[in-house]
Every structure is written in structure tokens, then in C-alpha cells.
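J.: My structure is below; once you've seen it, I'll send some questions.
Every number here is computed from the coordinates shown, using simple stated rules; none is lab data. As the structure is a prediction and not an experimental result, all values here were calculated from the model. Counting neighbours? That spans all protein chains shown, and the Cβs are built from the backbone with ideal geometry, glycine included.
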Amino acid sequence: MTPIQETILNKKTKNTPIWLMRQAGRYLPEFREIRKINPDFINLCLNENLSSEITLQPLKRFELDAAIIFSDILMLPYGLNQKVEFKKDFGPQLGPLSLDEISKVDEVGFIEKLYPIYKSIKKVSENNLIKNKNLIGFVGAPWTLLVYMINKHSPKKELIKDFFKDKFLIEKILPILEKFLKIHINQQIKNGATVIQIFDSWAGLLDEKDLPNYIYTPTQNLVEYVKSLNIPVICFPRGIKNYKNYCDIVEPDAVNIDYEVDPISICREIKIPVQGGLDPKVLLTDINNLKKQTLKYLDVFKDHPYIFNLGHGVLPETNPDMVDYLVKMVKDY
């Protein structure tokens, strides 16, 4: 059993396992070399040779306990025929959302469109670097995907004014998202993913009264589905105000916390394994501060099943030496 599975399934942490969100990518010089020649992000995610190489790059450098497949949560709307492109210094830009177009997509066409992602997972799973480590597949939560598909770009701090105007559209799209998210999860597992993480990056945008309809129920359906395939599932409801409620209702195997919550109260209130928490900006400071902040999380969770990670993804301006220091420190704890 891998250190991550031991932590999640047996609720035991002999040595704190560590992996990092966005560990494969922008802060690594070897990734930037590939990116220079491959400016189209979607095409890069659909290049099974390059995406598998990028996934493994951090494992060649650092003693991490998992690889996370180099892909994006927005490959799902792309698979549903909504136009998706990534613009430099702007981020994702999505095309018009047509219920007619999305309703035409069938399972075969969807799998065909995203097939290179599954081949990439298979390639990584067969690589020696992944021995005794986990390969993490992932999806965006229905709510976060809905935000991108209707908002058409990152909401940063707020949704467009008339986001909830077309209730009919939202009610039709959520079941379609659930259906294809399950297909996407299943294909990742079939090809070698051993853990699934569900990213709800915009969970923090909703009022408490809207959580049951848009977050709790749709995510719980996915969590139950992943569990039915005998694979551990980690949820990351970033920015949510009440992690305890979320865990009690959605029941993931583990929960990733963001850096705005107090780890001490999380440790007290939450019984399931916890992952993450460290502010990625700490990696932009100095060794002493990194050491102090890292120890804070390791000490708080020393008697609680815990996987070390960040409270969001590694930032592009991060020095790989700082990541190296962090990984070694967690390993030596």
C-alpha cells in the first residue's frame, strides 16, 4: 500500500506523504522549454507523449508520493464541444454555451475527443517512476465547471450579474455534467489513476442557502460513484466557509483545505484524513519562513491522518529549490 493510500484508507500516517497541486508545470524550467515550442495549451493536454512526460518531470526532481496527470478541469467542457482556449496573461476563455450542442454529445464521441488524456494516464501508470506512488486523476466539481461554462472565463471574485437568470439552462446542464464527469472519472481509473481528486475551485462564491443544490448534492453523487469503483476520493472545496458541514454531507475519503482556514479548528472538527493547507505564496519567501509555516501544519496534524499539500497550486514564479527543500523537510519530519 502506498503512503497516500495508507493515510486515506487506514487513517495512519507513518511518514507524512507529500504531493503538490500543479506540481507538474509552469515553475519548472524543463516544462517551460516544452511550452515554448507548444503554445497551445489544449493541444499540449491532448499530446499523450508530452503530457505524460510533463506529469513525470517533478518525480524526476523531487521525492514526491504521487504524480498528478498534466491536464485541466476544462477539458470536460472541451469534450462537450464548448470552445475552450487559454489566453496568455488572461487564462481560460470559453465560447458560447449551447444546450443543443452539448445535448448532441454521446459517450463514444466524448471518450474519443479526450482519448489522448487516457492514453497519457496509461503511459504514466506503466512508468517505473510511479512504483509505490499514486497516480492522481482529477475532475472539476459540477459547480466549478458550471461557473466557467456560464461565466466564460475565471470569475476571480464574483459571478456575472445574471448568472442564475437562466434556471432552465442550469437545471439541464447539471445532470449532463454529472453523466460525463462519471465517464471521465471511469476512463481515468481504467487507465491507471489510483486516486481521484475533485476540484471545486469556486465553492467559495456561493451563499450557504445555495450549497445543497449546487455543491453538496452534485459532488456527493460523484463521490459515491468513485467509491463504488473502490478508489479513494479527495475533495477540495476551495473557499467554502464550513468544511465540517461539507465533509459530513459529501463524505469524501479525504478533504483538501485551503490556506484561509485555521488548521487547528480543522484538526479538531474533522474526523476524516486532511490534505493541504500551506499558502503557495510561502514558497516565494525564504527558507526560514518556509520551515516555520511547514512545521505549523506538520505539528498541528501530527496525530491526525494527513497528506502534505498546498492550499492551492504551485505558483509559476516558484523556485524549484524551494520545492526541493519543502519535500525533504516533510520527508525528514
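J.: Keeping to segment 176-207, report how many residues are part of a helix (DSSP H, G or I) and in contact with a helix residue (DSSP H, G or I) (Cβ under 9 Å, 6 or more places away or on another chain). Walk me through how you get there before you give the answer.
T.: So the first thing to find is which residues in segment 176-207 are part of a helix (DSSP H, G or I), and the list is 176-190, 203-205.
If we keep only those that are in contact with a helix residue (DSSP H, G or I) (Cβ under 9 Å, 6 or more places away or on another chain) as well, we get 176-190, 203, 205.
The qualifying residues number 17.
J.: Output the number of the condition that Phe164 fails; it satisfies all remaining conditions of (1) of a type in the set (Phe, Trp, Tyr); (2) more than 20 Å from Pro218 (Cβ to Cβ); (3) free of Cβ contacts under 8 Å to residues at least 40 places away in the same chain.
T.: (2)
J.: Picking from Leu74, Leu97, Leu80, which residue would you name as being in contact with a strand residue (DSSP E or B) (Cβ under 8 Å, 6 or more places away or on another chain), of a type outside the set (Ser, Thr, Tyr), at negative phi and buried (at least 17 other Cβ atoms within 10 Å of the Cβ)?
T.: Exactly one of Leu74, Leu97, Leu80 is in contact with a strand residue (DSSP E or B) (Cβ under 8 Å, 6 or more places away or on another chain), of a type outside the set (Ser, Thr, Tyr), at negative phi and buried (at least 17 other Cβ atoms within 10 Å of the Cβ), namely Leu74.
J.: Could you list, in sequence order, all residues of segment 192-201 that are buried (at least 22 other Cβ atoms within 10 Å of the Cβ) and farther than 19 Å from Pro77 by Cα?
T.: Ala193, Val195
J.: Can you tell which of Pro92, Pro77 is under 18 Å from the mean Cα position of the chain (by Cα) and under 24 Å from Asn213 (Cβ atoms)?
T.: Values: Pro92 fails: under 24 Å from Asn213 (Cβ atoms).
Every option except Pro77 fails the conditions.
J.: Can Asp321 be described as outside any loop (DSSP other than H, G, I, E, B) and under 22 Å from Val195 (Cβ atoms)? Step through it out loud before you land on a result.
T.: On the way: outside any loop (DSSP other than H, G, I, E, B): yes; under 22 Å from Val195 (Cβ atoms): no.
So Asp321 fails the test.
J.: Could you tell me which residue of segment 286-321 is nearest to the chain's Cα centre (by Cα), considering only residues that are more than 28 Å from Ile8 (Cα to Cα) and surrounded by fewer than 18 Cβ atoms within 10 Å (Cβ to Cβ)? Give the steps one after another, and end with the answer.
T.: So the first thing to find is which residues in segment 286-321 are more than 28 Å from Ile8 (Cα to Cα), and the list is 286-289, 316-319, 321.
Restricting the remaining residues to those that are surrounded by fewer than 18 Cβ atoms within 10 Å (Cβ to Cβ) gives 286-289, 316-317, 319, 321.
Details: Asp286: 27, Ile287: 27, Asn288: 28, Asn289: 26, Pro316: 17, Glu317: 20, Asn319: 22, Asp321: 23 Å.
In this case the residue turns out to be Pro316.
J.: Another one. Consider Phe163 against the criteria (1) of a type in the set (Phe, Trp, Tyr); (2) in a loop (DSSP other than H, G, I, E, B); (3) under 20 Å from the mean Cα position of the chain (by Cα): it satisfies all of them except one. Which criterion is unmet?
T.: (3)
J.: Which numbered condition in (1) closer than 25 Å to Tyr306 by Cβ; (2) assigned to a helix (DSSP H, G or I); (3) β-branched (Val, Ile, Thr) is the only one that Ile231 fails?
T.: (2)
J.: Given the residues Ile185, Ile173, Ile189, Ile215, which is the only one that is crowded, with 21+ Cβ neighbours inside 10 Å and touching a Gly at 6+ places or on another chain (Cβ under 9 Å)?
T.: On the way: Ile173 fails: touching a Gly at 6+ places or on another chain (Cβ under 9 Å); Ile189 fails: crowded, with 21+ Cβ neighbours inside 10 Å; Ile215 fails: touching a Gly at 6+ places or on another chain (Cβ under 9 Å).
So the residue among Ile185, Ile173, Ile189, Ile215 that is crowded, with 21+ Cβ neighbours inside 10 Å and touching a Gly at 6+ places or on another chain (Cβ under 9 Å) is Ile185.
J.: Mind checking which strands (runs of 3 or more DSSP E) fall wholly inside segment 51-150 and carry at least 2 residues that are of a type in the set (A, V, I, L, M) and over 19 Å from Glu178 (Cβ atoms)? Before you say what the answer is, go through the steps one by one.
T.: Details: elements: 66-68, 84-87, 91-94, 134-140.
Strands (runs of 3 or more DSSP E) meeting the threshold: 66-68, 134-140.
J.: Output the number of the condition that Leu206 fails; it satisfies all remaining conditions of (1) surrounded by fewer than 19 Cβ atoms within 10 Å (Cβ to Cβ); (2) closer than 22 Å to Leu74 by Cβ; (3) over 17 Å from the mean Cα position of the chain (by Cα).
T.: (1)
J.: Only one of Leu290, Leu298, Leu284, Leu211 is over 30 Å from Met329 (Cβ atoms) and of a type in the set (A, V, I, L, M); which?
T.: Numbers: Leu290 fails: over 30 Å from Met329 (Cβ atoms); Leu298 fails: over 30 Å from Met329 (Cβ atoms); Leu284 fails: over 30 Å from Met329 (Cβ atoms).
Within the list Leu290, Leu298, Leu284, Leu211, the selection yields Leu211.
J.: Could you say whether any residue in segment 258-274 is in contact (Cβ under 8 Å) with a residue 40 or more places away in the chain and not in a loop (DSSP other than H, G, I, E, B)?
T.: Scanning segment 258-274 turns up no residue that is in contact (Cβ under 8 Å) with a residue 40 or more places away in the chain and not in a loop (DSSP other than H, G, I, E, B).
J.: Given the criteria under 25 Å from Leu326 (Cβ atoms) and touching a strand residue (DSSP E or B) at 6+ places or on another chain (Cβ under 9 Å), does Ile68 qualify? Can you show your working first?
T.: Values: under 25 Å from Leu326 (Cβ atoms): yes; touching a strand residue (DSSP E or B) at 6+ places or on another chain (Cβ under 9 Å): yes.
Here the answer is yes, as Ile68 does meet what is asked.
J.: Applying the selection to segment 36-50, what residues are assigned to a helix (DSSP H, G or I), within 22 Å of Gly137 (Cα to Cα) and not aliphatic (A, V, I, L, M)?
T.: Selection gives Phe41, Asn43, Cys45, Glu48, Asn49.
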